[in-house]
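To start, the structure itself, in structure tokens.
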Amino acid sequence: MITHTPTSDVDARSESAAPDATSAQAAQAGRGAEPGLPDDAIIVVPVRNFVLFPGLVLPLAVNRPFSVQAAQEAARSDKPIGILLQRDPAQDEPAPADLHQTGTTAGILRYVTAPDGTHQLVVQGEQRFRVKEFVPGHPYMVARIERHEEPEQEGPEVEARVLQLRQRAVEALQLLPQVPQQLMAAVQNAPSGSLLADLIASFMDTKPDEKQEVLETFDLQRRLDLVLERLGRQLSVLQLSREIGEQTRQSIDQRQREHILREQMRQIQKELGEGDDTSAEIEELAKQIDEAGMPEEALKQARKELKRLQRTPEAAAEHSMIRTYLEWLIEVPWSKTTEGEIDIARARRILDEDHFGLEKVKKRILEYLAVRKLNPTGKSPILCFVGPPGVGKTSLGQSIARATGREFARVSLGGVHDEAEIRGHRRTYIGAMPGNIVQAIRKAGTKDPVLMLDEMDKLGQGFHGDPAAALLEVLDPAQNDTFRDAYLGVPFDLSQVMFIGTANILDTIPGPLRDRMEVIELPSYTMEEKLEIARRDLVERQREASGLGAGQVELGEDVLRQLIRDYTREAGVRSLERQIGAL
């Protein structure tokens, strides 16, 4: 970026000055310190982070003893000095090898010793030079140099570059705040291409090494190209900075306007007797909406309803309806998922612990989980367990949830005869709520629970619509990623939910719904399986439910066999557990 204040460290400080009597004191202090020098020799002043170009007048501070002595001698003898940039600015006593070999001769326009002891110079760059050799035997650096005369290069190539450089420099200066008119005039009225290039390079906000590279470029056309390239880069930065500043200012202005309007609204509400509780409530809802992780469509809808809530009086019935709707949008787990991967070995162990027998069923469940593990984003089939009551259909779903580390939720479909029980009620109705699917997912707290649809064979059908038809969208992997609950009014992704259905018989399940699912039949338990289930689970569970200690009751194998054979002739084990409880 172009700046209009030169920067330098230690040996170079920005300060304006004009000649006065102090220069005579400096000359007197250095009188007699140095004999005459050869014609091609010059006193050298090393500087840090400061590059002087020919034709420019800049302030320079010298603090190191050898630099002060060199400046005093040059002022006493009324001779120019040579300004050379140090390669490493951290060196306090640089050797000749530590300096760049190309510099600028400068005349001392003013020498001032400040009250704090610092020595301030105002120097004017005159000519580029190269060092031929350093002359030893002096208390400061002296070098024999070769001066460079600027050639008068004319022609269309140079003129085109000068014109382009002048235009870009004016554009860059116009993008800067508080640019001195003298600098703008100097750029517009520079008499030659070399002076224009040096002027722009001097005031560009670049590193000293980059300025030194321009100083060392003697060929005018190459120098113009180099400065044009760097100025173009700085101009792009300035333009981008201006655009960002405009956008930021517009954003701040909009926020200030909103703040003023909210403050006025707060004062109006205060005059109407409405407290600050409403404002705090709105701010809290806005914060929860931002943190809910909603997709774009849901987020847009939530913010729209929040604005409606702000405009709605708290006493109005619609206020509570909007607030309830926003609470539902916030509490639905839009982005929260279960962490962890499916462990097939652990799932097998859990299924064996929870269920005795059912080897074919457990094998199919493990195959199902293996496919989900290999392709978590794939469209898995919907399992439907079909079998008599008491054979463990619901408990199998709970075991699958425990094996996969997911939350378990259950929706009972027995007796459901209204489509709104599945899809939800429209918000135009008083007391409207989401459907059972969304309610179960909200209760589970994640968007990928194991959701059991229980008693699918007992769905009813009334004049409010067919709930079985509404389930077709829920259980279709090809379209349930955009399931739209009538209450929420925005799509919700059900593709990550693991649906498991249960039924006693298949005949009463509608054909299209049955076609969506993979049916797994659970057969009746044999006597040996019932006996093992009673030993492992039922006796202990009923003993604890009856409040008896471990040594207070004992049921032998013959008793259990007689219960199974003579008292509980059923497919499952529910009656068996009741008889054990009765004993």
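The values are calculated or read from the model by the stated rules, or taken from the named source; none is laboratory data. These numbers come from a predicted model, not from an experiment. Every residue, glycine as well, gets a Cβ built from its backbone with ideal geometry; the counts of neighbours run over all protein chains shown. SASA here: full protein model, heavy atoms, side chains in, ligands and nucleic acids out. Shrake-Rupley method; radii C 1.70, N 1.55, O 1.52, S 1.80 Å.
Here is how the numbers come out for the structure above:
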| read-out | value |
| --- | --- |
| Selection count, the stretch 344-367, where residues are open to solvent by 20 Å² or more (accessible area, probe 1.4 Å), within 42 Å of the chain's Cα centre (by Cα) and hydrophobic (A, V, I, L, M, F, W, C) | 2 |
| Failed criterion for residue 453 (all others in (1) under 34 Å from the mean Cα position of the chain (by Cα); (2) open to solvent by less than 40 Å² (accessible area, probe 1.4 Å); (3) at pLDDT 85 or above hold) | (1) |
| Scope the stretch 303-322; condition open to solvent by 70 Å² or more (accessible area, probe 1.4 Å), at pLDDT 85 or above and among the hydrophobic types (A, V, I, L, M, F, W, C); matching residues | 321 |
| Of all residues making up the stretch 378-387, the number that are open to solvent by 40 Å² or more (accessible area, probe 1.4 Å) and either free of Cβ contacts under 8 Å to residues at least 40 places away in the same chain or within 16 Å of residue 501 (Cβ to Cβ) (or both) | 1 |
| Pairs where the first residue, in the stretch 163-188, is closer than 10 Å to residue 235 by Cα and the second is open to solvent by 40 Å² or more (accessible area, probe 1.4 Å) and not in a helix (DSSP H, G or I), C-beta under 8 Å, 6+ apart | 172/1 |
| Matching entry among 410, 442 (being under 24 Å from residue 293 (Cβ atoms), touching a helix residue (DSSP H, G or I) at 6+ places or on another chain (Cβ under 9 Å) and open to solvent by 20 Å² or more (accessible area, probe 1.4 Å)) | 442 |
| Test: residue 403 is closer than 18 Å to residue 497 by Cα and either assigned to a loop (DSSP other than H, G, I, E, B) or in contact with a strand residue (DSSP E or B) (Cβ under 6 Å, 6 or more places away or on another chain) (or both) | no |
| Residue count for the stretch 118-145, restricted to those that are open to solvent by 70 Å² or more (accessible area, probe 1.4 Å), within 17 Å of residue 82 (Cα to Cα) and at pLDDT below 90 | 1 |
| Tally of residues being over 22 Å from residue 332 (Cα atoms) and open to solvent by less than 70 Å² (accessible area, probe 1.4 Å) across the stretch 413-436 | 4 |
| Which listed residue is in contact (Cβ under 8 Å) with a residue 12 or more places away in the chain, surrounded by fewer than 19 Cβ atoms within 10 Å (Cβ to Cβ), assigned to a strand (DSSP E or B) and small (Gly, Ala, Ser), from 107, 82, 103 | 107 |
| Which listed residue, of 561, 569, 574, is at pLDDT below 75, touching a helix residue (DSSP H, G or I) at 6+ places or on another chain (Cβ under 9 Å), of a type in the set (D, E, K, R) and open to solvent by 70 Å² or more (accessible area, probe 1.4 Å) | 569 |
| Test result for residue 36, modelled with pLDDT under 90 and open to solvent by less than 20 Å² (accessible area, probe 1.4 Å) | no |
| Check on residue 370, part of a helix (DSSP H, G or I) and either touching a residue at least 24 places away in the same chain (Cβ under 8 Å) or open to solvent by 70 Å² or more (accessible area, probe 1.4 Å) (or both) | yes |
| Selection count where residues are touching a residue at least 12 places away in the same chain (Cβ under 8 Å) and open to solvent by 10 Å² or more (accessible area, probe 1.4 Å), scope the stretch 62-72 | 6 |
| Hits in the stretch 323-343 (condition: surrounded by 14 or more Cβ atoms within 10 Å (Cβ to Cβ) and more than 30 Å from residue 484 (Cβ to Cβ)) | 343 |
| Residue in the stretch 284-302 that is surrounded by fewer than 10 Cβ atoms within 10 Å (Cβ to Cβ), modelled with pLDDT of 75 or more and assigned to a helix (DSSP H, G or I) present | yes |
| Residue that is most open to solvent (accessible area, probe 1.4 Å) [pool: residues in the stretch 473-485 that are in contact with an Asp or Glu (Cβ under 9 Å, 6 or more places away or on another chain) and either within 19 Å of residue 512 (Cα to Cα) or assigned to a loop (DSSP other than H, G, I, E, B) (or both)] | 479 |
| Tally of residues being assigned to a helix (DSSP H, G or I), farther than 20 Å from residue 485 by Cα and not small (Gly, Ala, Ser) across the stretch 303-322 | 7 |
| Residues of the stretch 85-100 satisfying the condition of being part of a loop (DSSP other than H, G, I, E, B) and either charged (D, E, K, R) or under 47 Å from the mean Cα position of the chain (by Cα) (or both) | 87, 88, 89, 90, 91, 92, 93, 100 |
| Members of the stretch 167-187 found to be open to solvent by 20 Å² or more (accessible area, probe 1.4 Å) and touching a Lys or Arg at 6+ places or on another chain (Cβ under 7 Å), listed by number | 175 |
| Selection from the stretch 47-70 of residues that are closer than 30 Å to residue 187 by Cβ and either more than 47 Å from the chain's Cα centre (by Cα) or in a loop (DSSP other than H, G, I, E, B) (or both) | 48, 49, 50, 51, 52, 53, 54, 55, 56, 57, 62 |
| Identity of the residue in the stretch 191-213, in contact with an Asp or Glu (Cβ under 9 Å, 6 or more places away or on another chain) and free of Cβ contacts under 8 Å to residues at least 60 places away in the same chain, that ends up least open to solvent (accessible area, probe 1.4 Å) | 193 |
| Selection count where residues are within 53 Å of the chain's Cα centre (by Cα) and aromatic (Phe, Trp, Tyr), scope the stretch 101-140 | 1 |
| Residue match in the stretch 299-306 (condition: in contact with a Lys or Arg (Cβ under 9 Å, 6 or more places away or on another chain) and either of a type in the set (A, V, I, L, M) or closer than 30 Å to residue 371 by Cβ (or both)) | no |
